[in-house]
Each structure stands twice: as C-alpha cells, then as structure tokens.
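*Asks:* Okay, handing you the structure first.
The values are calculated or read from the model by the stated rules, or taken from the named source; none is laboratory data. Only a predicted model underlies this, so the values are computations on that prediction, with no experimental measurement involved. Here the Cβ positions follow ideal geometry from the backbone for every residue, glycine too, while neighbour counts run over all protein chains shown.
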Amino acid sequence: MVDNIVYHEKAWLIFCKKYNVKMTGQQFKTRFFGKNNHTILQGLFRASLTKQKAELYAEEKESLYRQIYAPHIRPLPGLNQLIKRVKQKGIKTAIASGAPQKNREFVFKHLNLAGEFDLVVGDEDVENGKPHPEIYLQVANRLKVKPDQCLVFEDTPAGVESAKSAGMQVVGILTGYSKKALRLADCTINNYNEL
C-alpha cells in the first residue's frame with residue numbers, strides 16, 4: 001500500500017547503532033526485511049530475548065519508524081483507484097501484514113483507509129510469521145475462499161514466498177526489491193497504475 005521499506009531500514013539502522021549492533025542497510029534487507037520483529041530481534045542480538053524485552057525493543061524501533069515516516073507517507077500510485085474498483089465489483093479484500101497493529105493503524109489513518117478492508121490479519125494473529133504461509137491461509141479461511149482464488153500484492157521476498165506457499169497468485173511490487181529478488185511472484189509491477 002505504501003513505499004516504506006527505506007524508512008523501516010533507516011529506523012532499524014538507528015536502532016542497531018544505539019545498541020552497538022553492526023549492520024549495513026543491504027545486510028539488513030538481505031537477512032531480515034519482511035520478517036516479524038521477534039525474528040529480526042533474535043537475529044540481531046543472536047540471543048534469546050524475553051518476550052517482554054523483545055516487545056520493548058520492537059515498540060522502540062516501530063515508534064522511531066512512525067516518527068521518521070510520518071512526513072513522507074503516501075499511497076502507492078493507483079492504490080485508491082484499485083480499492084474502489086475492487087469494492088465496486090464486490091470482491092473481498094484483506095490485509096495480511098506482519099506489521100504491528102500500531103503501524104497498520106498509522107497507515108490506515110494517514111491514507112484514510114480505516115474500514116476499507118473486509119479483514120485485517122496481523123502478526124499477532126498467527127504463530128508463524130512470513131515466509132511461513134500461515135497468515136495467508138488464515139485470510140483465505142476467514143474470508144471463506146480457496147487459496148487459489150486469491151490474488152496477493154507483496155513487496156518483500158518473505159511475503160511473496162509466504163503467499164506462494166499458501167497456493168496463491170502473487171503480484172510483486174517493486175518498491176524496495178528487484179524483479180530478481182521477487183522472482184517467485186507470478187508477475188511484478190512498480191505501482192498499481194500498471195495493472
């Protein structure tokens with residue numbers, strides 16, 4: 001829905017610097033982007049964190065991300081028109097996001113999209129984060145549709161892998177990754193105007 005990868009990357013790099021974790025933007029993108037915060041934090045600290053400590057670190061990073069991104073947030077070109085056309089045709093819509101609830105609400109608020117989707121499934125609703133297919137299988141189940149009847153828009157390799165493993169068709173959105181990185185997608189676009 002948004003082109004926010006660079007802002008997440010900036011927030012993670014500031015967070016890493018604060019805690020003396022050596023990480024470049026490319027290293028972060030290759031190893032962690034598109035995965036849930038718990039997985040990322042375990043990898044960064046290479047240690048088992050208590051749930052409470054992981055939640056504190058995650059909120060610290062996400063708060064930083066929202067602060068950095070707020071002045072720049074915009075919908076991807078064509079997003080609003082796509083949502084309008086899909087709703088006019090009576091097609092069910094859902095969000096399947098590893099983003100924390102506060103981040104999802106932040107995006108919905110800034111893009112005036114609150115209540116526009118039939119279903120929102122977040123990382124807190126599943127045991128296994130992307131690239132595991134659980135989040136997409138849960139969406140299909142809750143919408144009462146077969147996975148092969150779903151079309152997913154994804155912008156990370158972990159997200160594309162998750163949706164493909166669930167048996168869904170995937171359009172890769174080239175906001176932060178190359179066609180090569182999103183090669184498992186059925187096709188790729190730069191933004192929704194290209195549909």
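*Asks:* Among the residues of segment 108-121, is any buried (at least 19 other Cβ atoms within 10 Å of the Cβ) and in contact (Cβ under 8 Å) with a residue 40 or more places away in the chain?
*Replies:* No: segment 108-121 contains no residue that is buried (at least 19 other Cβ atoms within 10 Å of the Cβ) and in contact (Cβ under 8 Å) with a residue 40 or more places away in the chain.
*Asks:* Further question on the same structure: Could you tell me whether any residue of segment 8-19 is among the aromatic types (Phe, Trp, Tyr) and either assigned to a loop (DSSP other than H, G, I, E, B) or under 16 Å from the mean Cα position of the chain (by Cα) (or both)? Even if it seems obvious, please write down each step before you answer.
*Replies:* First, the residues of segment 8-19 that are among the aromatic types (Phe, Trp, Tyr): 12, 15, 19.
Still in the running and either assigned to a loop (DSSP other than H, G, I, E, B) or under 16 Å from the mean Cα position of the chain (by Cα) (or both): 12, 19.
Yes: segment 8-19 contains one or more residues that are among the aromatic types (Phe, Trp, Tyr) and either assigned to a loop (DSSP other than H, G, I, E, B) or under 16 Å from the mean Cα position of the chain (by Cα) (or both).
*Asks:* Also: Identify, from the list PRO157, PRO147, the residue that is crowded, with 17+ Cβ neighbours inside 10 Å and more than 29 Å from PHE28 (Cβ to Cβ). Walk me through it before giving the result.
*Replies:* On the way: PRO157 fails: more than 29 Å from PHE28 (Cβ to Cβ).
The unique qualifying residue is PRO147.
*Asks:* Hey, does segment 2-15 have a residue that's modelled with pLDDT of 85 or more, in contact with a Cys (Cβ under 8 Å, 6 or more places away or on another chain) and not acidic (Asp, Glu)?
*Replies:* No, segment 2-15 contains no residue that is modelled with pLDDT of 85 or more, in contact with a Cys (Cβ under 8 Å, 6 or more places away or on another chain) and not acidic (Asp, Glu).
*Asks:* Let me ask something else about it. Output the number of the condition that LYS92 fails; it satisfies all remaining conditions of (1) free of Cβ contacts under 8 Å to residues at least 12 places away in the same chain; (2) touching an Asp or Glu at 6+ places or on another chain (Cβ under 6 Å); (3) of a type in the set (Lys, Arg).
*Replies:* (1)
*Asks:* In addition: From the list ILE40, ILE83, exactly one residue is touching an Asp or Glu at 6+ places or on another chain (Cβ under 9 Å), surrounded by 18 or more Cβ atoms within 10 Å (Cβ to Cβ) and among the β-branched types (Val, Ile, Thr). Which is it?
*Replies:* On the way: ILE40 fails: touching an Asp or Glu at 6+ places or on another chain (Cβ under 9 Å).
Going through ILE40, ILE83 in turn, the sole match is ILE83.
*Asks:* Kindly establish whether GLY167 is of a type in the set (Gly, Ala, Ser), more than 16 Å from the chain's Cα centre (by Cα), surrounded by 15 or more Cβ atoms within 10 Å (Cβ to Cβ) and outside any helix (DSSP H, G or I). Even if it seems obvious, please write down each step before you answer.
*Replies:* Values: of a type in the set (Gly, Ala, Ser): yes; more than 16 Å from the chain's Cα centre (by Cα): yes; surrounded by 15 or more Cβ atoms within 10 Å (Cβ to Cβ): yes; outside any helix (DSSP H, G or I): yes.
Spelling it out, GLY167 is indeed of a type in the set (Gly, Ala, Ser), more than 16 Å from the chain's Cα centre (by Cα), surrounded by 15 or more Cβ atoms within 10 Å (Cβ to Cβ) and outside any helix (DSSP H, G or I).
*Asks:* Considering only segment 43-90, state which residues are of a type in the set (D, E, K, R) and either outside any helix (DSSP H, G or I) or assigned by TED's automatic domain parsing to the domain that holds GLY176 (or both). If you could, list the steps in order and put the result at the bottom.
*Replies:* Residues of segment 43-90 of a type in the set (D, E, K, R): 46, 51, 53, 55, 59-62, 66, 74, 84-85, 87, 89.
Hits for segment 43-90 are ARG46, ARG74, LYS84, ARG85, LYS87, LYS89.
*Asks:* Pull out all pairs, ordered by first then second residue, where Cβ-Cβ is under 6 Å, the residues are six or more apart or on different chains, the first lies in segment 56-76 and is closer than 15 Å to ASN36 by Cα, and the second is assigned to a helix (DSSP H, G or I) and of a type in the set (Gly, Ala, Ser).
*Replies:* Listed by first residue and then by second, the contacts come to LYS61/ALA11; TYR65/ALA11.
*Asks:* Output the residue which, of all residues in segment 170-193 that are touching a Ser or Thr at 6+ places or on another chain (Cβ under 6 Å) and surrounded by fewer than 18 Cβ atoms within 10 Å (Cβ to Cβ), is nearest to LYS92 (Cα to Cα).
*Replies:* So the residue we want is LEU174.
*Asks:* Follow-up question, since we're still on this one. Looking at (1) small (Gly, Ala, Ser); (2) buried (at least 18 other Cβ atoms within 10 Å of the Cβ); (3) closer than 21 Å to LEU113 by Cβ, find the lone condition where ALA11 falls short.
*Replies:* Against the list (1) small (Gly, Ala, Ser); (2) buried (at least 18 other Cβ atoms within 10 Å of the Cβ); (3) closer than 21 Å to LEU113 by Cβ, ALA11 comes up short only on (3).
*Asks:* For segment 88-103, give me each residue that is modelled with pLDDT of 95 or more, under 18 Å from ALA163 (Cα atoms) and of a type outside the set (Val, Ile, Thr).
*Replies:* If the condition is that a residue be modelled with pLDDT of 95 or more, under 18 Å from ALA163 (Cα atoms) and of a type outside the set (Val, Ile, Thr), then LYS92, ALA94, ALA96 are the ones that fit.
*Asks:* While we're here: Looking at ALA163, ALA181, ALA158, can you tell me which residue is hydrophobic (A, V, I, L, M, F, W, C), touching a Phe, Trp or Tyr at 6+ places or on another chain (Cβ under 8 Å) and within 18 Å of VAL6 (Cα to Cα)? Working first, answer last.
*Replies:* Details: ALA163 fails: within 18 Å of VAL6 (Cα to Cα); ALA181 fails: touching a Phe, Trp or Tyr at 6+ places or on another chain (Cβ under 8 Å).
Answer to the check: ALA158.
*Asks:* Against the condition in a loop (DSSP other than H, G, I, E, B), modelled with pLDDT of 95 or more and touching a helix residue (DSSP H, G or I) at 6+ places or on another chain (Cβ under 7 Å), how does GLY172 come out, does it pass? Write out each step before concluding.
*Replies:* Numbers: in a loop (DSSP other than H, G, I, E, B): no; modelled with pLDDT of 95 or more: yes; touching a helix residue (DSSP H, G or I) at 6+ places or on another chain (Cβ under 7 Å): yes.
The answer is no for GLY172.
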